[in-house]
Amino acid sequence: MEGLSLKVGGVYFDGTIGGGGHSYEILRRTSPTGRLIATDLDDEAIRAAGERLAPFAGRFSIYKANYKDFARVFDEAGVDKVDGALLDFGVSSHQIDDAERGFSYRQSQAPLDMRMNREAPLTAAEVLNTYPEERLERILKTYGEEPFARTIAKNVVRAREKKPLETCGEFAEIIRGSIPAKFRFGAPCERRSFQAVRIEVNGELDGLYEMVVSLVGRLKKGGRIAILTFHSLEDRAVKEAFRYLESPCVCPKNLPVCVCGKKREIEVLTHKPITAGERELRENPRSKSAKLRIAEKIL
(Lines give C-alpha, C1' and ligand atoms only; values in the text may rest on other atoms or scores of the structure.)
Protein backbone atom coordinates (compact mmCIF):
# COMPACT_ATOMS: atom_id res chain seq x y z
CA MET A 1 0.00 0.00 0.00
CA GLU A 2 2.86 2.38 0.77
CA GLY A 3 4.43 1.57 -2.58
CA LEU A 4 1.25 2.50 -4.44
CA SER A 5 1.25 5.94 -2.79
CA LEU A 6 -2.55 5.91 -2.66
CA LYS A 7 -4.51 9.16 -2.84
CA VAL A 8 -8.10 10.01 -2.04
CA GLY A 9 -10.28 9.90 -5.14
CA GLY A 10 -7.77 7.98 -7.25
CA VAL A 11 -8.58 5.20 -9.70
CA TYR A 12 -6.73 1.93 -9.15
CA PHE A 13 -6.43 -1.49 -10.76
CA ASP A 14 -6.03 -4.78 -8.87
CA GLY A 15 -5.12 -7.44 -11.41
CA THR A 16 -5.88 -10.48 -9.24
CA ILE A 17 -8.44 -9.66 -6.59
CA GLY A 18 -8.24 -13.03 -4.81
CA GLY A 19 -9.83 -12.71 -1.39
CA GLY A 20 -10.01 -8.93 -1.72
CA GLY A 21 -7.41 -8.06 0.93
CA HIS A 22 -5.41 -5.67 -1.24
CA SER A 23 -8.55 -4.22 -2.81
CA TYR A 24 -10.12 -3.59 0.59
CA GLU A 25 -7.12 -1.55 1.68
CA ILE A 26 -7.03 0.39 -1.59
CA LEU A 27 -10.69 1.36 -1.21
CA ARG A 28 -10.35 2.13 2.49
CA ARG A 29 -7.34 4.38 2.01
CA THR A 30 -8.81 6.23 -0.99
CA SER A 31 -12.18 6.90 0.66
CA PRO A 32 -14.60 8.42 0.18
CA THR A 33 -14.33 8.77 -3.60
CA GLY A 34 -11.57 6.41 -4.73
CA ARG A 35 -12.47 3.87 -7.40
CA LEU A 36 -11.24 0.32 -7.97
CA ILE A 37 -11.25 -1.85 -11.09
CA ALA A 38 -10.33 -5.47 -10.47
CA THR A 39 -10.08 -8.74 -12.37
CA ASP A 40 -9.92 -12.42 -11.50
CA LEU A 41 -10.60 -15.71 -13.26
CA ASP A 42 -11.88 -17.54 -10.19
CA ASP A 43 -15.66 -17.33 -9.64
CA GLU A 44 -15.28 -18.19 -5.95
CA ALA A 45 -12.70 -15.43 -5.46
CA ILE A 46 -14.89 -12.90 -7.24
CA ARG A 47 -17.86 -13.84 -5.06
CA ALA A 48 -15.85 -13.73 -1.81
CA ALA A 49 -14.18 -10.44 -2.73
CA GLY A 50 -17.52 -8.88 -3.63
CA GLU A 51 -18.83 -9.73 -0.17
CA ARG A 52 -15.70 -8.41 1.52
CA LEU A 53 -15.86 -5.13 -0.39
CA ALA A 54 -19.59 -4.61 0.26
CA PRO A 55 -18.96 -1.60 2.55
CA PHE A 56 -17.58 0.22 -0.51
CA ALA A 57 -20.53 -0.51 -2.79
CA GLY A 58 -20.64 1.71 -5.87
CA ARG A 59 -16.90 2.34 -5.84
CA PHE A 60 -15.59 -0.90 -7.32
CA SER A 61 -16.11 -3.14 -10.34
CA ILE A 62 -14.89 -6.74 -10.56
CA TYR A 63 -14.56 -8.38 -13.98
CA LYS A 64 -14.13 -12.07 -14.65
CA ALA A 65 -11.07 -11.70 -16.87
CA ASN A 66 -7.37 -12.35 -17.01
CA TYR A 67 -5.35 -9.37 -15.79
CA LYS A 68 -3.60 -9.51 -19.17
CA ASP A 69 -6.91 -8.33 -20.70
CA PHE A 70 -6.76 -5.10 -18.70
CA ALA A 71 -7.08 -2.90 -21.84
CA ARG A 72 -10.48 -4.36 -22.69
CA VAL A 73 -11.57 -4.15 -19.05
CA PHE A 74 -10.51 -0.50 -18.82
CA ASP A 75 -12.47 0.27 -21.96
CA GLU A 76 -15.56 -1.45 -20.56
CA ALA A 77 -15.16 0.48 -17.32
CA GLY A 78 -14.81 3.75 -19.20
CA VAL A 79 -11.32 4.37 -17.82
CA ASP A 80 -8.45 5.68 -19.90
CA LYS A 81 -5.65 5.86 -17.33
CA VAL A 82 -5.31 4.83 -13.69
CA ASP A 83 -3.45 6.28 -10.70
CA GLY A 84 -1.96 2.96 -9.74
CA ALA A 85 -1.89 -0.74 -10.54
CA LEU A 86 -1.23 -3.80 -8.42
CA LEU A 87 -0.38 -7.21 -9.85
CA ASP A 88 -0.13 -10.22 -7.55
CA PHE A 89 0.97 -13.31 -9.46
CA GLY A 90 0.62 -15.73 -6.54
CA VAL A 91 -1.97 -18.46 -6.11
CA SER A 92 -4.43 -17.49 -3.38
CA SER A 93 -4.38 -19.31 -0.06
CA HIS A 94 -8.00 -20.26 -0.64
CA GLN A 95 -7.12 -22.02 -3.89
CA ILE A 96 -4.25 -23.89 -2.23
CA ASP A 97 -6.35 -24.95 0.76
CA ASP A 98 -9.40 -26.05 -1.24
CA ALA A 99 -8.76 -29.75 -1.91
CA GLU A 100 -11.11 -29.80 -4.90
CA ARG A 101 -8.91 -27.34 -6.79
CA GLY A 102 -5.93 -29.74 -6.90
CA PHE A 103 -3.20 -27.16 -6.37
CA SER A 104 -1.46 -28.79 -3.42
CA TYR A 105 0.73 -31.87 -3.15
CA ARG A 106 -0.38 -32.11 0.49
CA GLN A 107 -3.91 -33.18 -0.49
CA SER A 108 -3.36 -36.67 -1.80
CA GLN A 109 -6.94 -37.40 -2.87
CA ALA A 110 -7.46 -34.07 -4.64
CA PRO A 111 -8.10 -34.28 -8.39
CA LEU A 112 -5.34 -33.11 -10.74
CA ASP A 113 -7.00 -29.84 -11.73
CA MET A 114 -4.97 -26.67 -10.92
CA ARG A 115 -7.16 -24.35 -13.03
CA MET A 116 -7.55 -20.81 -11.73
CA ASN A 117 -10.46 -20.47 -14.14
CA ARG A 118 -12.58 -23.59 -13.63
CA GLU A 119 -14.18 -23.09 -17.04
CA ALA A 120 -10.82 -23.36 -18.82
CA PRO A 121 -10.35 -26.58 -20.82
CA LEU A 122 -6.79 -27.53 -19.83
CA THR A 123 -6.27 -29.35 -16.52
CA ALA A 124 -3.21 -30.75 -14.78
CA ALA A 125 -4.51 -34.25 -15.50
CA GLU A 126 -4.53 -33.56 -19.23
CA VAL A 127 -1.00 -32.14 -19.11
CA LEU A 128 0.37 -35.15 -17.23
CA ASN A 129 -1.58 -37.79 -19.17
CA THR A 130 -1.23 -36.49 -22.73
CA TYR A 131 1.91 -34.38 -23.12
CA PRO A 132 4.90 -36.13 -24.72
CA GLU A 133 7.74 -36.98 -22.36
CA GLU A 134 10.07 -34.36 -23.85
CA ARG A 135 7.49 -31.61 -23.39
CA LEU A 136 6.84 -32.65 -19.80
CA GLU A 137 10.55 -32.57 -19.08
CA ARG A 138 10.86 -29.08 -20.60
CA ILE A 139 7.96 -27.75 -18.49
CA LEU A 140 9.36 -29.20 -15.26
CA LYS A 141 12.84 -27.91 -16.00
CA THR A 142 11.81 -24.44 -17.23
CA TYR A 143 8.87 -23.57 -14.99
CA GLY A 144 9.89 -25.57 -11.93
CA GLU A 145 13.68 -25.40 -12.25
CA GLU A 146 13.56 -29.07 -11.32
CA PRO A 147 17.00 -30.76 -11.57
CA PHE A 148 15.40 -34.21 -11.88
CA ALA A 149 12.91 -33.17 -14.57
CA ARG A 150 13.97 -35.91 -16.99
CA THR A 151 13.48 -38.71 -14.47
CA ILE A 152 10.14 -37.36 -13.26
CA ALA A 153 8.84 -36.99 -16.82
CA LYS A 154 9.97 -40.51 -17.69
CA ASN A 155 8.28 -41.97 -14.61
CA VAL A 156 5.05 -40.04 -15.27
CA VAL A 157 4.88 -41.54 -18.77
CA ARG A 158 5.65 -45.01 -17.41
CA ALA A 159 2.92 -44.72 -14.77
CA ARG A 160 0.24 -43.43 -17.13
CA GLU A 161 0.79 -46.37 -19.46
CA LYS A 162 -0.70 -48.55 -16.71
CA LYS A 163 -3.50 -46.13 -15.75
CA PRO A 164 -4.13 -42.39 -16.16
CA LEU A 165 -3.00 -40.20 -13.29
CA GLU A 166 -6.02 -38.84 -11.44
CA THR A 167 -4.96 -37.44 -8.06
CA CYS A 168 -2.37 -35.10 -6.61
CA GLY A 169 -1.18 -37.95 -4.43
CA GLU A 170 -0.30 -40.09 -7.44
CA PHE A 171 1.75 -37.31 -9.01
CA ALA A 172 3.44 -36.49 -5.69
CA GLU A 173 4.40 -40.15 -5.21
CA ILE A 174 6.02 -40.24 -8.65
CA ILE A 175 8.00 -37.09 -7.85
CA ARG A 176 9.24 -38.48 -4.53
CA GLY A 177 10.20 -41.75 -6.17
CA SER A 178 12.15 -39.93 -8.88
CA ILE A 179 14.37 -37.86 -6.58
CA PRO A 180 17.23 -39.56 -4.68
CA ALA A 181 16.71 -39.54 -0.91
CA LYS A 182 19.73 -37.34 -0.24
CA PHE A 183 18.12 -34.55 -2.29
CA ARG A 184 14.73 -34.77 -0.56
CA PHE A 185 15.47 -32.28 2.19
CA GLY A 186 14.60 -28.69 3.03
CA ALA A 187 11.58 -27.48 1.06
CA PRO A 188 9.18 -30.26 -0.01
CA CYS A 189 10.55 -31.83 -3.18
CA GLU A 190 7.09 -31.93 -4.78
CA ARG A 191 6.69 -28.15 -4.77
CA ARG A 192 8.76 -27.41 -7.89
CA SER A 193 6.95 -29.87 -10.14
CA PHE A 194 3.47 -28.89 -8.92
CA GLN A 195 4.37 -25.25 -9.54
CA ALA A 196 5.59 -26.06 -13.06
CA VAL A 197 2.41 -27.88 -14.04
CA ARG A 198 0.25 -25.12 -12.54
CA ILE A 199 2.10 -22.47 -14.58
CA GLU A 200 1.55 -24.53 -17.75
CA VAL A 201 -2.15 -25.10 -17.04
CA ASN A 202 -2.82 -21.40 -16.49
CA GLY A 203 -0.36 -19.92 -19.01
CA GLU A 204 0.97 -17.71 -16.24
CA LEU A 205 4.17 -16.63 -17.99
CA ASP A 206 2.69 -16.05 -21.45
CA GLY A 207 3.12 -12.44 -22.52
CA LEU A 208 4.06 -11.25 -19.03
CA TYR A 209 6.80 -8.84 -20.16
CA GLU A 210 4.60 -7.29 -22.85
CA MET A 211 1.71 -6.98 -20.43
CA VAL A 212 3.75 -5.03 -17.87
CA VAL A 213 5.02 -2.65 -20.56
CA SER A 214 1.49 -2.08 -21.86
CA LEU A 215 -0.03 -1.58 -18.42
CA VAL A 216 2.54 1.10 -17.56
CA GLY A 217 1.29 2.90 -20.67
CA ARG A 218 -2.11 3.23 -19.00
CA LEU A 219 -0.72 4.84 -15.84
CA LYS A 220 -1.12 8.56 -15.23
CA LYS A 221 2.04 10.59 -14.69
CA GLY A 222 3.04 10.03 -11.07
CA GLY A 223 1.08 6.78 -10.95
CA ARG A 224 2.67 3.74 -9.36
CA ILE A 225 2.77 0.08 -10.34
CA ALA A 226 3.49 -2.56 -7.69
CA ILE A 227 4.09 -6.17 -8.71
CA LEU A 228 4.32 -9.22 -6.46
CA THR A 229 6.00 -12.28 -7.96
CA PHE A 230 6.54 -15.75 -6.51
CA HIS A 231 8.74 -17.35 -9.15
CA SER A 232 12.15 -16.42 -10.54
CA LEU A 233 10.88 -16.39 -14.15
CA GLU A 234 8.04 -14.01 -13.23
CA ASP A 235 10.45 -11.74 -11.39
CA ARG A 236 12.87 -11.79 -14.32
CA ALA A 237 10.13 -10.73 -16.75
CA VAL A 238 9.11 -7.85 -14.48
CA LYS A 239 12.71 -6.76 -13.93
CA GLU A 240 13.43 -6.75 -17.66
CA ALA A 241 10.23 -4.82 -18.42
CA PHE A 242 11.12 -2.23 -15.79
CA ARG A 243 14.68 -1.97 -17.16
CA TYR A 244 13.34 -1.33 -20.67
CA LEU A 245 10.83 1.26 -19.46
CA GLU A 246 13.44 3.08 -17.36
CA SER A 247 16.01 3.20 -20.15
CA PRO A 248 16.20 6.48 -22.11
CA CYS A 249 17.71 4.70 -25.14
CA VAL A 250 17.63 1.23 -26.67
CA CYS A 251 19.99 1.89 -29.57
CA PRO A 252 22.87 -0.53 -30.22
CA LYS A 253 25.86 0.50 -28.13
CA ASN A 254 28.07 0.95 -31.19
CA LEU A 255 26.00 3.89 -32.50
CA PRO A 256 27.64 7.28 -31.78
CA VAL A 257 24.31 9.03 -31.12
CA CYS A 258 20.81 7.98 -30.13
CA VAL A 259 18.43 7.51 -33.05
CA CYS A 260 15.70 5.43 -31.42
CA GLY A 261 13.78 8.37 -29.95
CA LYS A 262 12.81 6.40 -26.86
CA LYS A 263 12.22 8.29 -23.64
CA ARG A 264 12.54 7.23 -20.02
CA GLU A 265 9.03 6.32 -18.90
CA ILE A 266 9.42 5.20 -15.28
CA GLU A 267 11.61 5.51 -12.24
CA VAL A 268 12.19 2.16 -10.56
CA LEU A 269 11.80 2.63 -6.81
CA THR A 270 13.02 -0.83 -5.83
CA HIS A 271 16.27 -1.69 -7.56
CA LYS A 272 16.37 -4.69 -5.26
CA PRO A 273 12.99 -6.33 -4.67
CA ILE A 274 11.34 -6.05 -1.28
CA THR A 275 11.06 -9.43 0.46
CA ALA A 276 9.44 -10.64 3.66
CA GLY A 277 11.17 -9.90 6.96
CA GLU A 278 11.67 -12.35 9.80
CA ARG A 279 8.41 -11.49 11.53
CA GLU A 280 6.34 -11.89 8.38
CA LEU A 281 8.04 -15.19 7.58
CA ARG A 282 7.08 -16.47 11.02
CA GLU A 283 3.48 -15.31 10.73
CA ASN A 284 3.02 -16.15 7.05
CA PRO A 285 5.45 -18.82 5.74
CA ARG A 286 3.90 -18.59 2.26
CA SER A 287 5.50 -15.17 1.87
CA LYS A 288 8.95 -16.77 1.66
CA SER A 289 9.24 -16.62 -2.13
CA ALA A 290 7.41 -13.30 -2.61
CA LYS A 291 9.24 -10.38 -4.24
CA LEU A 292 7.79 -6.89 -4.61
CA ARG A 293 8.96 -4.42 -7.27
CA ILE A 294 7.60 -0.87 -7.54
CA ALA A 295 7.96 1.82 -10.20
CA GLU A 296 6.56 5.31 -10.79
CA LYS A 297 5.43 6.73 -14.13
CA ILE A 298 7.41 9.89 -14.93
CA LEU A 299 6.69 10.51 -18.62
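The values are calculated or read from the model by the stated rules, or taken from the named source; none is laboratory data. These numbers were taken from a predicted model, which means no experiment stands behind them. Methodologically, a virtual Cβ is constructed for each residue, glycine included, from the backbone with ideal geometry; neighbour enumeration extends over all protein chains shown. Just so you know, the surface numbers come from the protein's heavy atoms only, side chains and all, with ligands and any DNA or RNA stripped out. Shrake-Rupley method; radii C 1.70, N 1.55, O 1.52, S 1.80 Å.
Miscellaneous remarks
- Mean accessible surface per residue for segment 153-294, computed with a 1.4 Å probe while every protein chain stays in place, in Å²: 56 Å²
- Segment 148-184-segment 46-87 distance, computed between alpha-carbon centres (Å): 40 Å
- Charge sum, other residues only, whose C-beta stays under 9 Å from L6's C-beta, Lys/Arg counted +1 and Asp/Glu -1: 0
- Candidates G18, G207, G277, ranked by Gaussian network fluctuation over the chain, Cα under 10 Å, top entry: G277
- Over 19 Å (Cα to Cα) - which of K239/K297; K81/K262; K221/K291 fall in this group: K81/K262; K221/K291
- Accessible surface of segment 1-75 [probe 1.4 Å, protein heavy atoms]: carbon and sulfur percent: 49 percent
- Cα pair distances exceeding 32 angstrom across the chain, given as percent: 33 percent
- Charge dipole (the chain, unit charges on Cβ, about Cα centre) - positive-most of T275, P132, C189: T275
- Unit Cα scatterers, Debye sum, segment 209-282: log10 I(q)/I(0) for q = 0.11, 0.19, 0.25 Å⁻¹: -0.37, -0.89, -1.23
- Largest to smallest principal axis extent of the C-alpha atoms in segment 119-238, angstrom: 58, 34, 22
- Per residue, the convex hull spanned by the Cα atoms of segment 1-71 measures out at 77 cubic angstrom.
- Overall Cα dimensions of segment 23-181 - principal axes, largest extent first, Å: 59, 29, 28
- Calculated P(r) tail over 23 Å for segment 168-254, as whole % of Cα pairs: 46 percent
- Assigned charges on the beta-carbon of Lys, Arg, Asp, Glu; segment 1-53 dipole about Cα centre (debye): 360 debye
- The mean accessible area for residues of segment 56-145, using a 1.4 Å probe and ignoring ligands and nucleic acids, is 47 Å² per residue.
- Euclidean distance between Cα centres, segment 271-299 to segment 3-45, Å: 18 Å
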